[in-house]
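> Handing you a structure now.
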Amino acid sequence: GLIQFSCSEKQIFWNLDRTQWIRIMTNLLQNAIQSVPQGRKPLIQVRIQNEASILIIEIEDNGSGISAQNIDQVFEPKFTTKTGGMGLGLAIVKNSIDSLNGSITYKTQQYKGTTFIIQLKKEA
């Protein structure tokens, strides 16, 4: 699999709990990789954009996408698009990001992939 990383700046410093942030990113990346159907080469793109008042982190996969009937359940604890696994990942991710006063949304195209978008507000 391939993970491509792009960032609007060489370094961005953010006051976050390192362990929590690693858990968030690990969950999202594992999820992204596991959403790619067999026989398709995973391509995961991580983009970080530092803007005046927010930090935007996008994680895009070329997986199966989320089907219409599942759209509303993505962040529920029992939900998973994986064949195996618990699916607790995204609920934990959402709780963590909520606790950081951030937001996580996504856009998805069935059979083409999903992009998760995290927005973190800058401290005043």
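> Which of the numbered conditions does ILE56 fail, given that it passes all the others? Conditions: (1) touching a residue at least 60 places away in the same chain (Cβ under 8 Å); (2) closer than 18 Å to LEU90 by Cβ.
Against the list (1) touching a residue at least 60 places away in the same chain (Cβ under 8 Å); (2) closer than 18 Å to LEU90 by Cβ, ILE56 comes up short only on (2).
> Please go through segment 52-66 and pick out each residue that is among the aliphatic types (A, V, I, L, M) and either under 12 Å from PHE116 (Cα atoms) or crowded, with 17+ Cβ neighbours inside 10 Å (or both). Explain how you work it out, then say what you get.
Here is the first cut: in segment 52-66, the ones among the aliphatic types (A, V, I, L, M) are 52, 54-57, 59, 66.
Correct list: LEU55, ILE56, ILE57, ILE59, ILE66.
> Being among the β-branched types (Val, Ile, Thr) and open to solvent by 10 Å² or more (accessible area, probe 1.4 Å) is the filter; apply it to segment 67-80 and report the residue that is modelled with the lowest pLDDT. It would help to see each step written out before you state the result.
Just the residues of segment 67-80 that are among the β-branched types (Val, Ile, Thr), to begin with: 71, 74, 80.
Adding the requirement that they be open to solvent by 10 Å² or more (accessible area, probe 1.4 Å) leaves 71, 80.
Details: ILE71: 80, THR80: 62.
Result: THR80.
> Turning to a different aspect of this structure: When segment 1-53 is examined, which residues are found to be free of Cβ contacts under 8 Å to residues at least 60 places away in the same chain and among the basic types (Lys, Arg)?
Within segment 1-53, LYS10, ARG18, ARG40, LYS41, ARG47 qualify.
> Quick test for you: out of GLN38, GLN49, pick the one residue that is modelled with pLDDT of 95 or more, open to solvent by 70 Å² or more (accessible area, probe 1.4 Å) and of a type in the set (S, T, N, Q).
Numbers: GLN38 fails: modelled with pLDDT of 95 or more.
Testing whether each residue is modelled with pLDDT of 95 or more, open to solvent by 70 Å² or more (accessible area, probe 1.4 Å) and of a type in the set (S, T, N, Q) leaves just GLN49.
> Please work out which residue is modelled with the highest pLDDT, limiting yourself to segment 81-114 and to residues that are among the aliphatic types (A, V, I, L, M) and touching a Pro at 6+ places or on another chain (Cβ under 8 Å). Give the steps one after another, and end with the answer.
Start the filter on segment 81-114 by keeping residues that are among the aliphatic types (A, V, I, L, M), which leaves 86, 88, 90-93, 97, 100, 104.
Keeping just the survivors that are touching a Pro at 6+ places or on another chain (Cβ under 8 Å) gives 88, 91.
Numbers: LEU88: 60, ALA91: 88.
Selected residue: ALA91.
> Another question, if that's okay. Looking at LYS112, LYS107, which one is loosely packed, with under 14 Cβ neighbours inside 10 Å, charged (D, E, K, R) and in contact with a Gly (Cβ under 7 Å, 6 or more places away or on another chain)? Let's see the steps before the verdict.
Numbers: LYS107 fails: in contact with a Gly (Cβ under 7 Å, 6 or more places away or on another chain).
Only one candidate qualifies: LYS112.
The values are calculated or read from the model by the stated rules, or taken from the named source; none is laboratory data. Computed from a predicted model, the values in this text were never measured in an experiment. For neighbour counting, all protein chains shown are included, and Cβ atoms are generated from backbone atoms with ideal geometry for every residue, glycine included. The area values use the complete protein model at the heavy-atom level, side chains included, leaving out ligands, DNA and RNA. Shrake-Rupley method; radii C 1.70, N 1.55, O 1.52, S 1.80 Å.
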